[in-house]
Every structure is written in structure tokens, then in C-alpha cells.
């Protein structure tokens, strides 16, 4: 089922995410979008924050999430790390295609959608990650909808795509 956030929902997300602390904004965002995401087939949603000075195996630390905890810290070798380093939206139709580099926090997960969270200078401070128990749950269109929601919430730089281009041309990698 496609993820659909109508303009009124985007406005609500922007209002819910108005806290000044990053952790508060992430928690408000997850709480605001989780009902829509879970209805669309997501089994988990959350943020991983980049600890840039840490060893690669420990760089991504779990932040706000629903409905349960997940692995933390995780390295930059899995889907989240790939998204962080490329600053591209990553749609993984079947996590089995990632081979041994995949970080399986829940062995039932079959697909994933990961979006970079960018500062105004284009560097990534973290990622927003979605998992599903269904193969092929997420699409490029879902990535664009969630990118718009992250921009509305002030959790990724407005007007800047991961490729450094205009917002309408956010680079997406489908695996």
C-alpha cells in the first residue's frame, strides 16, 4: 500500500516537530507519521544518528523509533550506512539482496526504505529508516513522500537533494 501524506498531514507534521532539540523533533516526527506508515505495511520506523568520530562499526546510534527498540549501534556497512554515505534515498525491495552486509535487527524484515537526514551544507547527520515484513513494500514514490515530510519537519535541509540538486530531483537508489 503506498504511503500517502496529504498536505494537511504535512502541516500537522511540521507543527508537531517544532521543538528545538533534535531528539524532540525526531520523536515528534516518528509519532506523527507512525500511524500512516504502519497502515502502509511498515513494521518499524526510526532514526539512526551519525556519530561521525566513532569507528565505522559503531557510527549509527538508534534515536526515536516506533514500535520497539532495534540494534544499536550499527555500522556504515548496511542499508542505513549506505544511505548515510551516499546521501541518497535507498529503496531495498528484498533485503536478501544485500547479502552479508545487511544488519537484521528483526529476522522477519524483508524490505527497507532509508532516507538521509541532511544539514544545510549537504552533510548527513543521520537517516530515517523504515522496515517491512513484506518484500517490495516500499517504492520510489514512498521515498519522495517521506522526503517531503522530513523537509516539512525540518529534519532534512529544505530545497536540497542528497545529490546537491533541487528538491524535485532527489537521487534514489533501488536495489
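The table for this structure:
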| read-out | value |
| --- | --- |
| Number of the exception - residue 148 against (1) at pLDDT 90 or above; (2) farther than 22 Å from residue 76 by Cα; (3) part of a helix (DSSP H, G or I) | (1) |
| So residue 126, is it surrounded by 13 or more Cβ atoms within 10 Å (Cβ to Cβ), touching a residue at least 40 places away in the same chain (Cβ under 8 Å), in contact with a strand residue (DSSP E or B) (Cβ under 7 Å, 6 or more places away or on another chain) and not in a strand (DSSP E or B) | no |
| Residue check for residue 105: modelled with pLDDT of 90 or more, assigned to a loop (DSSP other than H, G, I, E, B) and more than 14 Å from the chain's Cα centre (by Cα) | no |
| Output for the range 72-83, where each listed residue is under 15 Å from the mean Cα position of the chain (by Cα) and in a loop (DSSP other than H, G, I, E, B) | 76, 78 |
| Selected residue (only one of 59, 110, 87 is at pLDDT 90 or above and on the phi > 0 side of the Ramachandran plot) | 87 |
| Where residue 162 falls short, out of the listed (1) more than 14 Å from the chain's Cα centre (by Cα); (2) in a loop (DSSP other than H, G, I, E, B); (3) at pLDDT below 85 | (1) |
| Output for the range 43-73, where each listed residue is surrounded by fewer than 19 Cβ atoms within 10 Å (Cβ to Cβ), in contact with a helix residue (DSSP H, G or I) (Cβ under 9 Å, 6 or more places away or on another chain) and closer than 11 Å to residue 125 by Cα | 51 |
| Single residue of 43, 86 found to be in contact (Cβ under 8 Å) with a residue 40 or more places away in the chain, under 18 Å from residue 116 (Cα atoms) and under 14 Å from the mean Cα position of the chain (by Cα) | 86 |
| Only listed residue being surrounded by 14 or more Cβ atoms within 10 Å (Cβ to Cβ) and either part of a loop (DSSP other than H, G, I, E, B) or on the phi > 0 side of the Ramachandran plot (or both), chosen from 117, 137 | 137 |
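The values are calculated or read from the model by the stated rules, or taken from the named source; none is laboratory data. This structure is a prediction, so every number in the text was calculated from the model and none was measured. Cβ: placed from backbone, ideal geometry, glycine included. Neighbour counts: every protein chain shown.
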